[in-house]
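Report on one structure; see the data block that follows.
No value in this document is a laboratory result; all are computed from the given coordinates. Worth saying up front: this structure is predicted, and the values here are computed from it rather than measured. A quick note on method: Cβ atoms are made from the backbone with ideal geometry, for glycine too, and the neighbour counts reach across all protein chains shown.
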Amino acid sequence: MEAGTMTNVERRLTRRDFLKVFGGGVAASFMGLSSPQMSSSGTSSASETYAMLYDNTKCIGCNACVVACRLWNGRLGGRFPFLLEDRIGPQEPPEEPKIDEHHFLVIVPHPELRHQDGRGVFQRRSCMHCVEPPCLYVCPTNAIYQYKGINLTDYDRCFGCQYCVIACPYKARVFYEGEGWGVPVKCWFCLDRLEQGLYPACVSVCPVGALDFGTRDEMVAKAYARCDELRAEGREAYVWGAGEEHGTNVIFVSDVPFEELGLPEPEMRVPAPEAYPKLFLERGGLATFGGAALIFLSFALWRRSRIIKAKVKEIPRG
């Protein structure tokens, strides 16, 4: 169940259920052999798949999208990005914003770079809603699934093992302790708004048209049309995520090469078994993977009563 409102749910997986899944599912998913839920109704075609377009050649770094996301999703802790002390006066360079439990998306400034028209460069960071998401393939309980191109999490199944956090090449999932034992959270394209015929919160407030939303076919076509416009002006133009291989349902347009913006290498964006060892090593994942196994086995009895009895206040679905 995905919901945009706060509800109470009861976790119903027993220790025996979990250990069955954990014993077979973790090893299989790590080796790329699990059977993930790609969609509740089969794989969607590009004409049925939601997608977002972000054009960093238009983005002015105002952070209206960040604030709208936080307000809509109830992520009101921490600091807002528009405080004056963060923007003016002599100060140390601000720390690069990062996705955390208060921010499902951030806008990262790149002061060392310039667009070809001389303006400063900003880049959106959020879940990219991968066409073939690594997080889905490593989940030992099949809690992660796809719906019309949106990568979602069933929190009735999630045990908070954090394998998806490690596997995400975009570092877009974060562990939220909240109440109970915690779950990973991220952007979910404001599915509750989509079901009301509304755009995601971030898209609805962008003052300069840097964000757009629609079907994947539409967004890919718009991305390449924008590239044609930029090239007609004598500028470079690049598209990220539009292909089916290594594809994402958040599509970027830029006049700055994407490798300069810190995006991951192509082989890190696919759920191929050969990509996982490198990814896990880069993230310290082997220690986390082995440690998580020991922790779960050690604490299984202790958690049994908690799992059965806990009433966990849900957060908006990731």
Work out how much length GLU260 to LYS171 would gain on full extension: take 0.36 nm times their residue separation and subtract the Cα-Cα distance, in nm to one decimal. 30.3 nm
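Give me the Kirkwood hydrodynamic radius of region 157-236 in Å, from all C-alpha pairs, to one decimal place? Numbers along the way, then the final one.
Numbers: mean 1/r = 0.0631 Å⁻¹.
Here the Kirkwood hydrodynamic radius works out to 15.9 Å.
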Put a dot 7 Å past each Cα toward the Cβ at LEU113 and ARG235; how far apart are the dots in nm? 1.3
In terms of the alpha carbon gyration tensor, root eigenvalues a ≥ b ≥ c, rounded if a/c is under 1.5 and otherwise prolate when a/b exceeds b/c or oblate, region 224-268 is oblate
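First measure r as the distance between the Cβ atoms of GLU245 and LYS58, then evaluate 1/(1 + (r/R0)^6) with R0 = 25 Å and state the FRET efficiency to the nearest 0.05. Kindly include the intermediate steps, with their values, before the conclusion.
Values: r = 27 Å, r/R0 = 1.08.
Calculated transfer efficiency: 0.40.
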So for the pair TYR224, ARG193, with labels modelled 7 Å out along Cα→Cβ, what separation do we get in nm? 2.8
Let me know the Rg and Dmax you get for region 149-191 when you use only its Cα atoms, in Å. 10.3, 29
Computed ³J(HN,Hα) along region 59-70: with the Karplus parameters 6.51/-1.76/1.60, θ = phi - 60°, integer Hz and x for glycine or proline, the list is 5, 10, x, 6, 6, 4, 5, 5, 5, 4, 4, 5
Relative to a virtual label point 7 Å from the Cα of VAL208 in the Cα→beta-carbon direction, which members of region 239-255 show backbone nitrogen distances below 16 Å? 253-255
Based on other C-beta atoms within 10 Å, arrange VAL185, VAL174 from fewest to most. VAL174, VAL185
